[in-house]
Structure formats: structure tokens, C-alpha cells
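A quick write-up on the structure given underneath.
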Amino acid sequence: MSTVTIKKLTGEELFKNIISHCKEYGFIFQSSEIYDGLSAAYDYGQQGAELKKNLRDYWWKSMVQLHENIVGIDAAIFMHPTTWKASGHVDAFNDPLIDNKDSKKRYRADVLIEEYISKIEAKIRKEVDKASARFENFDETMFLSTNPRVLENQKKIDEINVRFKSALEENNLEEVKQIIIDLEITCPVSGTRNWTDVRQFNLMFSTQVGSVSEDSSTIYLRPETAQGIFVNFLNVQKTGRMKIPFGIAQTGKAFRNEIVARQFIFRMREFEQMEMQYFVKPGTELEWYEKWKQTRINWHRSLGFPDNKYRFHDHIKLAHYANAACDIEFEFPFGFKELEGIHSRTDFDLKSHEVFSGKKQQYFDPEDNENYIPYVVETSIGLDRLFLATLSQAYAEEILEDGSSRVVLRIPPFLAPYKVAVLPLLKKDGLPEKAREILDRLKFDHLCIYEEKDSIGKRYRRMDAIGTPLCITIDHQTLEDNMVTIRDRDTMLQERISIEQLSAMVNDKVSLHNQLMKLC
Ligand code: GAP
């Protein structure tokens with residue numbers, strides 16, 4: 001492999017470059033761009049739609065295909081409005097918001113405090129990195145428990161957390177504002193501390209069904225896909241003769257009127273979730289919660305990104321339905337942020353639907369000969385965030401040995417939009433015809449792209465930029481010996497192989513099947 005130097009980019013630069021790369025290469029466009037766009041809504045282009053579909057398929061197959069006791073459904077986005085009364089979203093799906101009177105910018109009060117805490121955590125990390133670079137046999141645990149500056153910062157974090165947790169639990173919005181004032185948090189735009197009071201803001205979008213205004217009624221766009229699973233719990237259990245423990249999986253759009261929608265596709269008002277509710281016997285839920293934590297972190301690690309890009313974050317304030325909850329956080333270019341949530345939701349949802357609908361939501365356990373409302377462990381991941389995590393990790397700017405540069409997306413091959421590029425060296429002499437023969441052999445198994453325009457070097461660069469793992473080049477020699485050049489995106493190494501061997505070689509490199517085997 002030739003020597004390459006990977007350009008070191010700051011988080012901000014990296015993020016900016018990824019966003020413009022997404023636009024330039026057909027991954028993501030601003031929604032309704034010709035009308036100057038709509039904030040917090042994005043369209044996936046031709047490459048993006050493929051990558052997103054591949055991520056969704058990987059999640060679906062690892063949930064539904066690899067678990068005999070998990071099945072998938074596709075519930076409607078519109079649901080009976082009482083669903084959201086029962087789930088608690090009408091009364092409690094709020095974010096505390098605060099405005100800066102000078103900049104007129106609106107913020108989530110809890111996020112302002114969490115960001116303040118993150119900055120102190122970053123200071124601690126810096127101390128650790130500095131010390132570990134200085135001492136050979138560095139003991140991080142010892143350092144964290146003895147260094148005075150670390151201890152002082154940790155004490156500060158603990159004090160804020162205690163105060164913040166109790167303010168949230170008591171829904172004491174005045175205290176939340178007081179914390180912001182005491183910490184001297186300023187508005188990033190105006191730089192002032194001229195804050196309004198903190199108010200609660202419901203995140204659900206509503207609309208009307210029915211054409212005549214007298215007959216119409218308010219319904220909501222679902223803020224999570226989970227409720228479509230809960231209301232179908234008995235339908236699926238009975239028709240599928242499912243025995244506890246079992247799971248129901250679903251992927252689909254969810255909608256939230258986010259106060260502060262920013263950071264590209266990280267926080268949108270319309271986004272896609274991939275959720276799985278696992279129904280278990282009461283009393284066993286915390287054991288299953290731990291199991292699913294492990295299963296899900298292993299799934300993330302199976303993508304091949306470095307382990308230190310992931311961490312667990314236990315929730316300080318548990319949602320109204322949970323008795324344990326954590327996030328799997330990923331280190332995005334703007335820091336560690338939530339990628340997936342794992343929640344032990346107790347029997348809250350089913351019990352509440354039983355009360356509001358008047359229909360029993362119980363399971364008869366043939367082994368124990370008893371009826372009960374199952375407890376639920378949920379895994380919930382945002383597909384768009386997974387997409388952003390994948391791109392953030394895959395994107396690299398490289399300087400090659402000859403001084404030229406390339407942008408490459410090192411997307412795990414089984415997830416790449418196009419798996420193979422078929423490239424005749426020239427547009428003549430029968431090379432395009434031979435190339436199309438090869439394309440016709442591969443296209444039934446893999447999404448391939450055919451390109452004959454521009455020099456081969458330029459075409460390789462373009463394929464690197466969209467993350468195509470393999471390029472097959474057809475030259476004059478091919479017509480004589482039936483051999484092609486196959487080039488690997490990551491190593492840029494090229495080898496000659498016979499056309500007969502191509503299918504097996506491509507399969508081996510890009511198949512989802514091989515990837516799924518890694519999970520077992
Ligand atoms: N059913 C549980 C639930 O919805 P959540 O933590 O609110 O839990 C789950 O959301 C996941 O959905 C998050 O971990 C995140 O990946 C994704 N998500 C939530 N809000 C989002 C938004 N505004 N934009 C993009 N993804 C979002």
C-alpha cells in the first residue's frame with residue numbers, strides 16, 4: 001500500500017466538510033432548497049437513500065432475522081389521539097425552553113446546563129491526556145481519584161448534577177433558570193446573560209383529520225414509533241402465537257417540534273427511528289435491560305469503528321415510564337452525543353393503554369399459569385444519527401505519496417451505496433461492451449455503477465468520494481485474457497483477476513451475509 005497521510009481536521013472543520021461533501025455527492029440536500037430550505041428538514045439524495053436503506057436493513061436483519069422471537073411490523077403514523085394521552089405525551093412530552101432577550105435566540109434550558117457540564121468534562125479529559133503523555137506507566141484511575149484539579153472539577157459536576165436532577169424531578173423551572181444564572185451561562189450569540197423565565201413546550205405536531213371543520217378532530221404526528229408497537233402488542237402476540245420473552249421491531253418516521261433543531265441531521269423535526277420493544281416477565285426486566293445494553297453496544301462495535309468512539313451515559317432524570325435508562329453515545333465531530341436509547345419501560349405503556357382503552361392488555365403465561373401485563377425493555381435508535389455517525393467516522397481527507405489528495409468515505413463495504421464501479425478504460429474498441437457484460441453478471445446481486453466519462457484516475461477519485469469499495473477496470477488486455485483490474489478503495493491496491501472469479505470476490509468483500517455472521 002502506498003503511504004498516505006490523513007489530514008488532521010478539527011471537529012468543526014470536519015463537520016463543515018462532511019456537510020458540504022454530503023451535498024456535493026448526492027447524500028443529503030436541504031429540504032425544499034429552491035425555496036431557501038426549511039429548517040431542520042433534509043432530503044436524502046441518491047447516495048444517501050442507499051446508505052440509509054443499508055443501515056436500516058442491517059438493523060432490521062440483525063433484530064428480526066437473527067432472533068427467532070422478534071418480529072417486525074409497520075404501523076401507521078397517524079394514531080388515535082387517545083394513544084398520546086395514554087402514553088403521557090400530551091401531558092409530559094415537554095422540553096424546558098429559555099430565550100435570550102438580546103439575541104432573541106431560543107435554547108433548551110437543560111441543554112445549556114448539559115453543555116456547561118460537558119465543558120468541565122473536557123477539561124478533565126485534557127488533564128488526563130496531558131498526564132498520560134508525560135508518564136510512561138500512567139494509571140488513569142489513580143490519577144482521577146487523586147489529582148486536585150480533577151477532583152475539584154468533578155466536585156463541581158456532581159454539585160450541578162444533584163441540583164439539576166432535583167429541579168427536573170420537581171419540575172421546578174425557576175430553579176432551572178437559577179442554575180443557568182448561577183453558572184453564569186451566556187448566550188453564544190449575544191454573549192449576555194439576559195434570560196427569560198424557563199417555560200415548558202410540548203414537542204408534538206398536531207393536525208386535523210376530516211374535511212368538514214365541524215367533523216374534524218385533532219390528531220398528532222407520532223413523536224415515537226414505539227406506541228404503534230404497544231397498541232398492536234396483543235394483535236401480534238395472538239396472531240404470531242408469541243411466547244414471552246419476545247420482541248416487536250419497527251422502523252419509521254417520527255416527528256418532534258424541536259425547539260433548537262441544529263447540527264445538520266443530528267436533531268431534526270422529521271426523522272426516522274428504529275425501535276424494538278422486548279416484552280418480558282415482570283421482575284426480569286433489569287436482567288434483560290443489561291442484556292440488551294450489551295447486545296446493542298456489540299452491534300455498534302460490529303461496524304468496525306474504534307471502541308473509544310462509544311460510551312454509555314446513564315440518565316439522571318428517568319422518563320415518566322422508565323425504571324432504568326441509558327444512552328449509547330457516539331463521539332460526533334461536535335462531541336459525545338446520544339445515538340441510541342435503551343430503556344426499561346416497566347409496564348407503564350401497556351397498563352396505561354389498558355386503562356384508556358378499557359381493553360385488557362394481558363398475557364397468559366402457560367408456564368406459570370398466570371395472567372400479567374408484561375414489562376418492556378426498549379432499544380431505540382435514530383437512523384439519521386446512525387447515518388451521521390457512519391459518515392463522521394468514514395470521512396477522510398488524504399494526501400497521497402505523489403502529493404495529490406483525495407477524499408475517501410471508508411464506509412463499511414456492506415453498507416456502501418454502490419458496491420462496485422464498472423469502468424471501461426476507454427469509450428471505444430469494444431471495452432464498453434465488455435464492461436456491460438460484467439455489469440450484467442453482477443447487477444442481480446449488488447448495486448453497481450457504470451462510468452465511462454473522464455480519465456480513470458478521476459473516476460477512481462469520484463468512487464472514493466462516494467465510498468464505492470471496489471472498482472473494476474476493463475482494458476484491452478481484458479479482451480484477450482478475460483482478466484480485469486480490481487482496485488480496493490481503502491488500500492488503493494490493484495490486482496488482476498479473472499472475470500470468472502469476480503462474483504465470488506465481490507461477494508466476499510461486500511456481503512451483508514458475512515457481516516451478519518459476525519453478530520452470532
Ligand atoms: N421511544 C423512545 C424514544 O423515542 P428518544 O430517546 O426520545 O426515545 C430515541 O429517541 C432516538 O431517536 C434517539 O436516541 C435519537 O437517536 C433519535 N432522535 C430523537 N430525537 C431526534 C431528532 N429530533 N432528530 C433525529 N433523531 C432523533
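The values are calculated or read from the model by the stated rules, or taken from the named source; none is laboratory data. Predicted, not measured: the structure shown is a model, and the values here were computed from it. Cβ atoms come from the backbone with ideal geometry, glycine included; neighbour counts cover every protein chain shown. Quick note on the areas: whole protein, heavy atoms, side chains included, nothing else; ligands and nucleic acids left out. Shrake-Rupley method; radii C 1.70, N 1.55, O 1.52, S 1.80 Å.
Among the residues of region 220-267, write down those that are open to solvent by less than 10 Å² (accessible area, probe 1.4 Å) and of a type in the set (A, V, I, L, M).
Correct list: Ala226, Ile229, Ile248, Ala249, Ala254, Ile265.
Where residues in region 76-97 are closer than 19 Å to Lys317 by Cα and charged (D, E, K, R), which of them is surrounded by the fewest Cβ atoms within 10 Å (Cβ to Cβ)?
Among residues in region 76-97 that are closer than 19 Å to Lys317 by Cα and charged (D, E, K, R), the one surrounded by the fewest Cβ atoms within 10 Å (Cβ to Cβ) is Asp91.
Can you give me the number of residues within region 103-122 that are open to solvent by 80 Å² or more (accessible area, probe 1.4 Å) and either in contact (Cβ under 8 Å) with a residue 60 or more places away in the chain or over 19 Å from Ile180 (Cβ atoms) (or both)?
Of the residues in region 103-122, 2 are open to solvent by 80 Å² or more (accessible area, probe 1.4 Å) and either in contact (Cβ under 8 Å) with a residue 60 or more places away in the chain or over 19 Å from Ile180 (Cβ atoms) (or both).
Taking region 332-357, which residues are within 17 Å of Phe279 (Cβ to Cβ), in contact with a helix residue (DSSP H, G or I) (Cβ under 6 Å, 6 or more places away or on another chain) and surrounded by fewer than 22 Cβ atoms within 10 Å (Cβ to Cβ)?
Ser352, the sole residue that qualifies.
For region 358-412, how many residues are under 18 Å from the mean Cα position of the chain (by Cα) and either under 30 Å from His21 (Cα atoms) or more than 16 Å from the ligand (Cβ to nearest atom) (or both)?
The number of residues fulfilling the criteria is 20.
Being of a type outside the set (Phe, Trp, Tyr), surrounded by 12 or more Cβ atoms within 10 Å (Cβ to Cβ) and in a helix (DSSP H, G or I) is the filter here, so list the residues in region 130-151 that pass it.
Ala131, Ser132, Leu144, Val150, Leu151
Starting from residues that are within 13 Å of the ligand (Cβ to nearest atom) and either at pLDDT 95 or above or part of a strand (DSSP E or B) (or both), keep the ones in region 313-330 and report whichever is most open to solvent (accessible area, probe 1.4 Å).
Quick first cut of region 313-330, residues within 13 Å of the ligand (Cβ to nearest atom) only: 313, 315, 317-322, 325-330.
Filter once more, keeping what is either at pLDDT 95 or above or part of a strand (DSSP E or B) (or both): 313, 325-330.
Details: His313: 74, Ala325: 9, Cys326: 0, Asp327: 11, Ile328: 0, Glu329: 18, Phe330: 1 Å².
Restricting to residues being within 13 Å of the ligand (Cβ to nearest atom) and either at pLDDT 95 or above or part of a strand (DSSP E or B) (or both), the top hit is His313.
Among (1) assigned by TED's automatic domain parsing to the domain that holds Ile229; (2) open to solvent by 50 Å² or more (accessible area, probe 1.4 Å), where does Arg125 come up short?
(1) is the only condition that Arg125 fails.
Among what's in region 268-287 and is surrounded by fewer than 20 Cβ atoms within 10 Å (Cβ to Cβ) and part of a helix (DSSP H, G or I), pick the residue that is nearest to the ligand (Cβ to nearest atom).
Here the answer is Leu286.
Taking Leu431 as meeting all but one of (1) out of contact with any Ser or Thr (no Cβ under 8 Å at 6 or more places or on another chain); (2) over 13 Å from Ala421 (Cα atoms); (3) open to solvent by less than 20 Å² (accessible area, probe 1.4 Å), write down the number of the exception.
It is condition (1) that Leu431 fails.
Considering only residues that are hydrophobic (A, V, I, L, M, F, W, C) and loosely packed, with under 12 Cβ neighbours inside 10 Å, which ones fall in region 24-46?
Scanning region 24-46 gives a single hit, Ile34.
Can you confirm whether Leu339 is touching a Pro at 6+ places or on another chain (Cβ under 9 Å) and either in contact (Cβ under 8 Å) with a residue 12 or more places away in the chain or within 12 Å of the ligand (Cβ to nearest atom) (or both)?
No: the conditions fail for Leu339.
Assuming Ile244 fulfils every condition listed in (1) part of a loop (DSSP other than H, G, I, E, B); (2) near the ligand (Cβ under 10 Å from one of its atoms); (3) in contact with a helix residue (DSSP H, G or I) (Cβ under 9 Å, 6 or more places away or on another chain) apart from one, which condition is it?
It fails just one condition, (2).
Condition test on Glu270, is it among the acidic types (Asp, Glu), within 21 Å of Gly72 (Cα to Cα) and modelled with pLDDT of 95 or more?
Values: among the acidic types (Asp, Glu): yes; within 21 Å of Gly72 (Cα to Cα): no; modelled with pLDDT of 95 or more: yes.
So Glu270 fails the test.
Check Thr478 against each of (1) part of a helix (DSSP H, G or I); (2) open to solvent by 10 Å² or more (accessible area, probe 1.4 Å); (3) over 25 Å from Gly26 (Cβ atoms) and name the one condition it does not meet.
(2)
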